[in-house]
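Read-outs: derived from the displayed coordinates by stated rules, not from any lab. Treat the numbers as computed from the prediction; the structure is a model and nothing was measured. Reconstructed Cβ throughout: ideal geometry from the backbone, glycine too, with neighbour counts over all protein chains shown.
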Amino acid sequence: MYKKTLKIGIIEKEKNYLYQQSNIEYIMEEQFIFTPEEHKQLISLYKRLLQLSGDTLQKDDCSNLKKHLIKVMSEGNIPRNVFNMNPIIKDMQTAVIVAEEIGMRRASILGIMLHESVKYKLCTLESIEQKYGKDVAGIIRGLVKINELYSKSPTIESENFRNLLLSFAEDMRVILIMIADRVNLMRQIKDSPNNEARLEVANEAAYLYAPLAHKLGLYKLKSELEDLSLKYTQHDVYYHIKDKLNATKAARDRYIEAFIQPIKKKLEESGLKFHIKGRTKSIHSIYQKMKKQNCPFEGVYDLFAIRVILDSPLDKEKQECWQVYSIVTDMYLPNPKRLRDWLSVPKSNGYESLHITVMGPEGKWVEVQIRTERMDEIAEKGLAAHWRYKGIKGESGLDEWLNSIRETLENADSDIEAMDQFKLDLYKDEVFVFTPKGDLYKLPQGATVLDFAFMIHTNIGCHCIGAKINGKNAQVRQPLVSGDQVEIMTANTQSPKRDWLNFVITSKAKTKIRQALKEMAARQTEFAKETLERKFKNRKLEYDEAVLMRLIKKLGFKTVTDFYQSIADETMDINSVIDRYLELQKKENEQHEEVTYRSAESFNIQQTPEEKDFYKDDVLVIDQNLKGIDFNLAKCCNPIYGDEVFGFVTISGGIKIHRCDCPNAPELKARFPYRIVKARWAGKSQGKQYPITLRIVGHDDIGIVTNITSIINKEMNIQLRSISIDSNDGLFSGMLTVMVDDLSKLESLIKKIKTVKGVKQVNRG
């Protein structure tokens, strides 16, 4: 028997009654076998939930929920998941995260605890709505939809991802519950023996739930999802960074203390209420910096940030934040390029803070974040924690909500209880118009006739000259109002204008207009080029593109396109161009008669060496030290000896070897984690050669190609198989296929090619 008193008004008796009853525990244990540990967890979590729910629960909620759980557990069985987790315990853990770390209460908690019953048809949505209200039923409806989506396709692909977001848009609380559920799952599966399922969950957390959490301002949960995902997918990397952080913790703490002490003294003297804390960056963000900067752990200097949190009244928040900024920058030298002012203009998800990087003791750069208690709460829990929103409809509901939420918050009552009843109505930001046939279209507020034309069809938009709105003529820039009947008028002679971009507001219209303008410019450029070439032929002159390129540069044009556009616009006279061309050609011939310029485009060699299998020996070890397995090197990334690689089991049963940094690797690991096998190179390369494609960009001159091929020919054990050159706008783009032994020789070759004068870029294909 458990006795506890919670003085929270009207539900005090209900909660006491619930604590005193142990029937629920024993009945659950009888029908759904609880382990002793789970039994203890159930009691502890239930008490915690009741404390967190505060006074948001209504009369009879507690007793109704208890009776319901007893009933469904006695009548049916809700199965454990793939990780053998107790579903009741799991839902309670998720509900605690939702209440404690996000800030949602009654409807969300009840929705989490009841949705499994609806999912397994142990009760109906109608009965839930009758007993607990529309809010709870709406949340459960969204959760059940998502579960159905997962049952159809366990891995979220592009189309299903879109459908998922549509489900979220019905009630934004659903997405927050899904994020909390994924956080809970990631926390609980650390010791699970099901590595395959854990890897799938971890990948999904990284590419779906972490970005969603970031977008909603749930930075703490986002960092946790990223760290745990890294822990499960790249175990060695995670613990390498973790061990390094632990080893340097004492020195880091001493430095933070030395940095903070003088700031604290000055702030106290100024009479500000505050507290300061040092925050070490997440393991995932450190790993990303290591990859981006291509350096070891020791090369990452900004491992931590200092956070100054002020206890300021609302009307003095900005003033006191800037006051702290002044004190910090007076004491330590700031880097103005690293100033991030999210006080004046908060992020779209409501994040407010002032970030500055200063030079601390020992010449180290330190990031200082300045914010108030209110701002810190938003940063930790997300702006969404303050809202109980519902009724968001349509594909764009999420983005529209994110864009408008800050302004709404500034004008709203800050009382949390009042916000519980807040209903976000996005229909005021939308207009609904009809076609003459009665078809309904939804556009954003402020959309014009032209926006509507492009929404119907790109071709209609490009030829739009106006419209008839409710039978009256209207211009293309006329804004639309809900209920308008719009008939678009077109003309074949009409074409997109640059000023259209000034009054259209939809992304589709803007994109299509820019695309059409670009295509028109390309056609004009091509016509101008043909006209120039024809003029050369009429005057019986030889056309040397290299000389023309130098003339274009001399005339002050940044690109060849600009030059031809000026001819098309008739701002540049063709005859004048030809005269200047002849002058330049004559001058160059006089000075450099011996020099002959040719385009690199004419340079093409193809070598077809004897075809043989270069990589079928046991130089590659797959999975558990297996050799002699049929494999092929993936053509999308062309791995060679020395590259970090992994194996992918194909449908036919063979194994494709990919580089770890292959462009297709993230998708393969996310969608088909069960097909991934470990692979590594063994021993020495033993002179085996692998075909590698190099992309080279440089100035269009045959001399460059000669120099490049000369370097390749001088390299030991490197063969040039083929070379293909394309010339455009005075530049050449070359594709070279070479045969190399291993990664070190390839890297050496690339470095040498980059030293050739005129070479701008060398990339491995």
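Between H699 and E542, the FRET efficiency from the beta-carbon distance, with R0 = 22 Å, is close to 0.50. Near the amide H of V677, within less than 5 Å, lie the amide hydrogens of G647, F648, V649, all on another chain or at least 5 residues away, with H placed in the peptide plane. For the residue pairs K215/K316; K145/K442; K67/K131; K90/K119; K222/K281, the alpha carbons lie more than 18 Å apart in K215/K316; K145/K442.
By DSSP, the beta bridges lying fully in the stretch 428-505 are antiparallel in about 95 percent of cases. In this calculation the C-beta distance from K529 to T35 is compared with R0 = 60 Å, giving a FRET efficiency of 0.15.
Listed peptides 192-205, 498-511 appear in the order 192-205, 498-511 once ranked by packing, highest mean of other Cβ atoms within 10 Å at the front. Once R0 is set to 25 Å, what does the formula 1/(1 + (r/R0)^6) return for the Cβ-Cβ distance between E362 and S270, expressed as a FRET efficiency to the nearest 0.05? That gives a FRET efficiency of 0.40. Among the listed pairs K291/K754; K190/K249; K277/K337; K231/K656; K231/K508, which are separated by more than 32 Å between their Cα atoms? Check vs 32 Å cut-off fails for K231/K508. Backbone N atoms of the stretch 529-561 closer than 13 Å to the 7 Å Cα→Cβ label point of D573 are not found in any residue. Multiplying the residue separation of C660 and D562 by 0.36 nm and subtracting their alpha-carbon distance yields 31.1 nm. The spacing between the stretch 107-146 and the stretch 511-538, judged by their C-alpha centroids, is 61 Å.
Fully extending the segment from T493 to Y239, taken as 0.36 nm per residue of separation minus the present Cα-Cα distance, adds 84.8 nm. Note on S326 and D55: the extension gain reaches 93.3 nm, defined as 0.36 nm multiplied by sequence separation minus the Cα-Cα distance.
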